[in-house]
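Trainee: After the structure tokens below, expect a handful of questions from me.
Please treat every number below as a calculation from the coordinates, not as lab data. A quick note: this is a predicted structure, and the numbers were derived from the prediction, not measured. Because the Cβ atoms are built from the backbone with ideal geometry, glycine has one as well, and the counts that use them run over all protein chains shown.
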Amino acid sequence: MSDTQWLEWGRKNPYYGVYSEDRFHTSNIEATKGEFFATGEANVSWMLGRAEQYFGPLGKGRVLEFGAGVARMSIPLASRFETVIGVELSPDMRAEAVKNCQLYNVENVEMVPSDDDLSHASGEFDLVLSYIVLQHVDARRGVMLIDKLLSKVGPSGVAILQASVKRPERRLSDRLRYHLRHNLPVLAATYRFLRGKGWNTLSMRMSEYDPIAILAAFSRNGMKDVLLSEHYQGDVLTFHFTARKGG
């Protein structure tokens, strides 16, 4: 997905863009906002619990969340850490995140613009986290971003990054169907139309990362003991990569 496409999501359908369930569409979100933020609490609780189970207690200082969106996860992170820096490309989403922090009386989240150098997120962090974000970034660009993110992890800090990866199907028909659905805009639009979404519904391209390239980035940044967790989002295979610097 291009930056321009993501900016369009931020303008037209920010909550659904962050967490793509029909109940979180712009037309529904006023009635379901509580449910939306409950999903963020559940995700944060699971990811941090798993990290602490394998790597021990986390530092409670600074967090960098890459692709913070409308603060779905930044808000629950704020109750667990001193400072949360939410990096987000879309100015519309950043503005919405600020409103949501005010709504939930959260004062220790700072939303900053995103760029490929992470120039607005200075210093080191006890936790660097990104969930359901990198999967929409072109894989070559994404691996470079992962390197940058991991360079921000401080001594004994932890990184939790999620990305979609190359699928293991052996049958040609399965590989072809996946490619057509996720990489050809006309067929993707047809698929959405048949599901009752409308021809003009925005779509999100899912990238396929080489997990070895991601593991190499962890190794380059002093994290060689990496915990992998496999998850499917529909027909998309994703991995959670979790590691402690120096581990």
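Trainee: Rank-order 235-242, 85-92, 46-53 by packing density, defined as the average count of other C-beta atoms within 10 Å over each peptide's residues, highest first.
Mentor: Descending mean neighbour count gives 85-92, 235-242, 46-53.
Trainee: Still on this structure, please answer the following. Once you place label points 7 Å from the Cα toward the Cβ at residue 115 and residue 138, how far apart are they in nm?
Mentor: 1.9 nm
Trainee: Then there's this: Would you please put 214-221, 31-38 in order of how densely packed they are, using the mean number of other Cβ atoms within 10 angstrom per residue and starting with the highest?
Mentor: By packing density, highest mean first, the sequence is 214-221, 31-38.
Trainee: Could you state the number of Å between the C-alpha centres of the stretch 46-99 and the stretch 16-39?
Mentor: Going from one Cα centre to the other spans 18 Å.
Trainee: At a Förster distance of 45 Å, what's the computed FRET efficiency of residue 124 paired with residue 166, Cβ-Cβ distance as r, to 0.05?
Mentor: 0.90
Trainee: Work out how much length residue 233 to residue 31 would gain on full extension: take 0.36 nm times their residue separation and subtract the Cα-Cα distance, in nm to one decimal.
Mentor: So the chain would gain 70.2 nm between residue 233 and residue 31.
Trainee: Taking a threshold of 31 Å on the Cα-Cα distance, which of the pairs 12/224; 12/60; 12/148; 33/245; 33/224 fall above it?
Mentor: 12/224; 12/60; 33/245; 33/224
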